[in-house]
Amino acid sequence: MGEVTLTIDNKEVKAEEGMTVLEAARSAGIKIPTLCHHEKLEPYTACRICMVEVESRGRSELDTSCSRPVKDNMVVRTQSEELTEIRRTLLELMLSHAPDARELQELVEEYGANRNRFAKEPSFCIHCGLCVRYCAEVKKKNAVVFVKSGVRREISFNKEIASRECWKCRECFELCPTEALQTAYLLTEALTSDSSSFELEPDA
Amino acid sequence: MDNDKIGQIIDKYQGEASSLIQILLDIQHENHWLPRSALEVVSKKLNLPLSKVQQTATFYKAFSVVPIGRHEIHVCKGTACHVNGAQDLLEEVEEVTGIKPGETDPDAKFSLKTVNCLGRCGLGPVIEIDGKTHARMSPAEISDALKKYE
């Protein structure tokens, strides 16, 4: 694979062909915020917080850096007034769902997001899909999936698969930027606890 | 719905997992809704995780994972129907069937839904029962019409 040179925030960055802008930026120590990104998973572009400005043919366009492949002579900006505005609004929307989400707090400070801009509709999930994708792509179990659609979309553990697979894994818990995943899991546990297939928690 | 019938539908699509939506649509058409037992059969026969089948079945509005009655009533709430008295009509239907939009009665006889426009705005207020259009309905007329359904 060939090597390409691009400019990120006025800094010359060398990257391998096939890398994404996000990977190139991180390799050069340039920080781009992400919420739904995970090294082991395919780009998902759900949270859109990694949005950057890409200059091409004299125009600047917005794109998610986690999915945008690098190109030779590419010019990227990771900070601008417009990007701050976009990220702030995204954060404010996510805060209406998950006001206390751990990973949002730092970004809220950084981008000056207003916690009360949108009415609270706490579902405690920001639909990053990390748990769903990790379970499908890495573990290949599909124990947790998205169900329903649009504003009603939510994560749901499949009882049968979860009771077989989840106790010994639970690797998705630490990926969750909010507490929603654990809550959903505990709910499933409660629903299945009377079935004999469910063992008692080892350290309980 | 028995498993043989589901098996026939799946065979029609050569058991291809890529035909999942089509298979679910056919089952929904036969049975009016998708019981969990049917989803389990589909999952097994197509060799797809049940969670994935559930994901698809809950995603589309065309599918229902809760019981739907033998007769589906769609009351149009489009602008033209609305100004011609759709609300009175809806209230009459609720009164006769004893259910609200989105519900099914305990005998699984009727399911009631409101829809945004059926595209027959000149015939308002319009009610569709099992796909059959009832045009320019008055509350009294719809009350009589509903009594004919078993």
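Across the range B:131-150, the number of residues qualifying as open to solvent by 90 Å² or more (accessible area, probe 1.4 Å), more than 13 Å from B:CYS81 (Cβ to Cβ) and assigned to a loop (DSSP other than H, G, I, E, B) comes to 2. The number of residues in the range B:20-48 that are of a type in the set (Phe, Trp, Tyr) and at pLDDT 95 or above comes to 0. Of the residues making up the range A:42-64, those that are over 28 Å from A:CYS135 (Cβ atoms) and aliphatic (A, V, I, L, M) number 3. The condition (being polar (S, T, N, Q), surrounded by fewer than 18 Cβ atoms within 10 Å (Cβ to Cβ) and touching a residue at least 24 places away in the same chain (Cβ under 8 Å)) is satisfied by just one residue among A:THR45, A:THR78, A:THR20, A:THR84: A:THR84. Scanning the range A:103-124 for residues that are assigned to a loop (DSSP other than H, G, I, E, B), closer than 20 Å to A:THR34 by Cβ and charged (D, E, K, R) yields a count of 0. Scanning the range B:1-55 for residues that are within 27 Å of A:GLU165 (Cβ to Cβ) and of a type in the set (D, E, K, R) yields B:GLU16, B:ARG36, B:GLU40, B:LYS44, B:LYS45, B:LYS52.
Total residues in the range A:112-146 satisfying the condition of being within 11 Å of chain B (Cβ to nearest Cβ) and farther than 16 Å from A:ALA46 by Cα: the figure is 7. Please verify whether the range A:60-73 includes one or more residues that are open to solvent by 60 Å² or more (accessible area, probe 1.4 Å), touching a Gly at 6+ places or on another chain (Cβ under 7 Å) and not in a loop (DSSP other than H, G, I, E, B). Within the range A:60-73, one or more residues are open to solvent by 60 Å² or more (accessible area, probe 1.4 Å), touching a Gly at 6+ places or on another chain (Cβ under 7 Å) and not in a loop (DSSP other than H, G, I, E, B). Looking across A:LEU83, A:LEU95, A:LEU90, A:LEU62, one residue alone is aliphatic (A, V, I, L, M), at pLDDT below 95 and over 30 Å from A:LYS140 (Cβ atoms). It is A:LEU95. A:ASP100 passes every criterion in (1) part of a loop (DSSP other than H, G, I, E, B); (2) within 14 Å of another protein chain (Cβ to nearest Cβ) apart from (2). The combined condition, being within 29 Å of B:VAL53 (Cβ to Cβ), part of a helix (DSSP H, G or I) and β-branched (Val, Ile, Thr), is fulfilled by A:ILE161. Just so you know, in the range B:27-80 the residues that are assigned to a loop (DSSP other than H, G, I, E, B), closer than 22 Å to B:CYS117 by Cα and at the interface with chain A (Cβ under 10 Å from one of its Cβ atoms) include one that is farthest from the chain's Cα centre (by Cα), and it is B:TYR60.
Conditions (1) over 29 Å from B:SER51 (Cα atoms); (2) open to solvent by less than 20 Å² (accessible area, probe 1.4 Å); (3) without any contact (Cβ under 8 Å) to a residue 24 or more places away in the chain; (4) in the same structural domain as A:LEU186 (by TED's automatic domain parsing), marked per residue:
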{"site": "A:GLU109", "(1), (2), (3), (4)": "yes, no, yes, no"}
{"site": "A:PHE124", "(1), (2), (3), (4)": "no, no, no, no"}
{"site": "A:VAL138", "(1), (2), (3), (4)": "no, no, no, yes"}
{"site": "A:VAL144", "(1), (2), (3), (4)": "no, yes, no, yes"}
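The values are calculated or read from the model by the stated rules, or taken from the named source; none is laboratory data. Computed from a prediction, not measured in an experiment: that's the story for all the values here. All Cβ positions, glycine included, derive from the backbone under ideal geometry; neighbour counts span all protein chains shown. These area figures cover heavy atoms from the full protein model, side chains too; ligands, DNA and RNA do not enter into them. Shrake-Rupley method; radii C 1.70, N 1.55, O 1.52, S 1.80 Å.
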